[in-house]
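Below is one structure, written out as structure tokens, with a few remarks after it.
The values are calculated or read from the model by the stated rules, or taken from the named source; none is laboratory data. Predicted, not measured: the structure shown is a model, and the values here were computed from it. All accessible areas refer to the heavy atoms of the entire protein, side chains included, with ligands and DNA or RNA removed. Shrake-Rupley method; radii C 1.70, N 1.55, O 1.52, S 1.80 Å.
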Amino acid sequence: MLFTWSSENLCIIFRSWRITGPFSFLVSLIAIVILTAGYEGVRSATRKYEAAHAQRLSVLSTSATTGGK
């Protein structure tokens, strides 16, 4: 992976994803922002699910140790 200041024929992520002009640069920028936001959304949903699952497990283990009282 090379760092370059040139935006001519710039390769983004895949060899087939290339910046050829201002319009493709703008579309690529928007696509990258959407992909990043989607990834962070999945991470957030996963954290919430894991927290809820841990809470359910702690409630079940507490009720099991107290004999269901």
When the convex hull of the Cα atoms of the chain is projected onto a plane and the area is averaged over all directions, what value comes out in nm²? 7.2 nm²
Between Ala31, Ala45, Ala54, which gets the highest mean-square fluctuation from a Gaussian network model of the chain, Cα cutoff 10 Å? Ala54
Might you tell me the accessible area per residue for the chain, computed with a 1.4 Å probe and given in Å²? 91 Å²
When the chain is treated as a GNM, springs tying every alpha-carbon pair under 10 Å, which of Ser24, Ser16, Ser44 comes out with the largest mean-square fluctuation? Ser16
Using only helices, what value at 222 nm comes out for the chain when you add -39,500 (n - 2.57) per DSSP H run of length 4 or more and divide by the total residues, to the nearest 500 deg cm²/dmol? -23500 deg cm²/dmol
Tell me the carbon and sulfur percent of the accessible area for the chain, rounded to whole percent, probe radius 1.4 Å. 68 percent
